[in-house]
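Taken together, the values in this text are just the output of simple stated rules run on the coordinates, not laboratory data. In this text the structure is predicted, and so the values were computed from the model without any measurement. Neighbour counts are summed over all protein chains in view; Cβ atoms, including those assigned to glycine, are modelled from backbone coordinates with ideal geometry.
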Amino acid sequence: MTAFISNLLREPLVQFLLLGGLIFGADLWVTSQQDDPRRIVVDDSRYQELQQIFVEGQGREPSANEMKNMIVKWAENEVLYREALSMGLENGDDMIRNRIILKLRNILFNNAIAENPTEGELTEFFEFHRRQYDIPEKFDIEQFIASDLDSATEAQMLADTLNAGSPLPELYQNNLRSYQQRPSSNLAALFGADTQAALLAAETGHWIVLQQAGHLRLARIAQRHPAQQVQLSDVKSAVTRDWKKFRYDIQLADQTRAIADRYSIKMSLSPQLEARMQLSISNKELHPATASGEVAAPRAAMN
């Protein structure tokens, strides 16, 4: 038996088959040790990297929802990056990862088909987004700093005097500031949300006392400009432009989702970081275009 095996091993065909088997086994082992390019994992190190990027940009820790949005966006970019690499788009290009992603985005964008809406589609889109086009209620605001007053009580006495019909003392006239036709959202930026609410609740022309940044101020709504509903004919060119952008976004989202379907994306965080997230991110949400594809318009009418 030993002699038979020895003679058999001397046969060229047998040696060829054994060598081929060894090469095949070695290749299989090497391949098994490599990461699957279509498997994307968000682990602790990736989480912490994204968290640090946010902290450096915003100067504070991100909320759970902000981290969720960053992870979803990173996963989308990673899918496009890997797909671009699989297409060889990095050849001859020394630009960084974002450049490669941009190249693939441009390809997807060029694949999108320019469309013109029907009157029915345009009307439905306009009605769904009407608040974007209607003219909101606006306000004329006046305010001044009462720097000579020491207490809110004194400031309220001054406000009561002005509300009773007395003219504004000359002392404050140079400090009087006027803001014309500002929407309510702008009032929040100017005065803060609490002060905005107090101003909106006050009667037109009625002075109220505000305390901001260590200063006593008096402010009032001098005039209110009612909201106005516009007609589609008044803003048709803007609505058409927005509709076309919306359709482009839908097509880009669909193309990105089709690519993402070929990838496996999963969360792999430690229990400690999962607890910090507070919000769970499903594998579906990690797939690109899941969030961007959830469009704020009746999609059926867009098809």
Quiz item: What list of ³J(HN,Hα) couplings, whole Hz, do you get for region 121-132 from phi and the Karplus terms 6.51, -1.76, 1.60, once you set θ to phi - 60° and write x for glycine and proline?
Solution: 5, 5, 5, 5, 5, 4, 5, 5, 10, 3, 4, 6
Exercise. First check a/c for region 130-287, with a ≥ b ≥ c the square roots of the eigenvalues of its C-alpha gyration tensor; if it is under 1.5, answer rounded, and if not, answer prolate when a/b is larger than b/c or oblate otherwise.
Key: oblate
Exercise. For region 64-74, just list the computed ³J(HN,Hα) in residue order, Karplus coefficients 6.51, -1.76 and 1.60, θ = phi - 60°, integers in Hz, with x standing in for Gly and Pro.
Key: 4, 5, 5, 5, 4, 5, 5, 5, 4, 5, 4
Exercise. Mind listing the long-range amide H neighbours of Gln223? Cut-off is under 5 Å, sequence gap 5 or more, other chains count too, H placed in the peptide plane at 1.01 Å from N.
Key: Asp140
Self-check item: Table column - 3J(HN,Hα) (Hz), region 195-209, Karplus curve with 6.51, -1.76, 1.60, x for Gly and Pro
Solution: 5, 4, 4, 5, 5, 5, 7, 6, 5, 4, x, 8, 6, 10, 9
Self-check item: Of Leu168, Ile145, Ala189, farthest towards positive along the dipole that unit charges on Lys, Arg, Asp, Glu beta carbons give region 135-225
Solution: Ala189
Practice problem: Give me the lysines in straight-line cross-link reach of Lys68: C-alpha distance below 23 Å, same-chain residues under 8 apart excluded. | Solution: Lys266, Lys284
Quiz item: Please state the relative contact order of region 135-225 as a whole percent: Cα pairs under 8 Å, 6+ residues apart?
Solution: 47 percent
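Between Arg276 and Asp36, what FRET efficiency comes out of the Förster formula 1/(1 + (r/R0)^6) with R0 = 25 Å and r the beta carbon distance, rounded to 0.05?
About 0.35, to the nearest 0.05.
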Quiz prompt | Relative contact order (percent, whole number), region 48-123, Cα cutoff 8 Å, 6+ residue spacing | solution = 20 percent
Quiz item: Can you list residues whose amide H is under 5 Å from Gln212's amide H, if they're 5+ apart or on another chain and H is modeled 1.01 Å from N?
Solution: Arg217
Exercise. Just subtract the alpha-carbon distance of Phe128 and Gln181 from 0.36 nm times their residue separation and send over the number in nm, one decimal.
Key: 16.5 nm
Self-check item: Additional length obtainable on full extension of the chain from Asp160 to Ser86, 0.36 nm per residue less Cα span
Solution: 19.3 nm
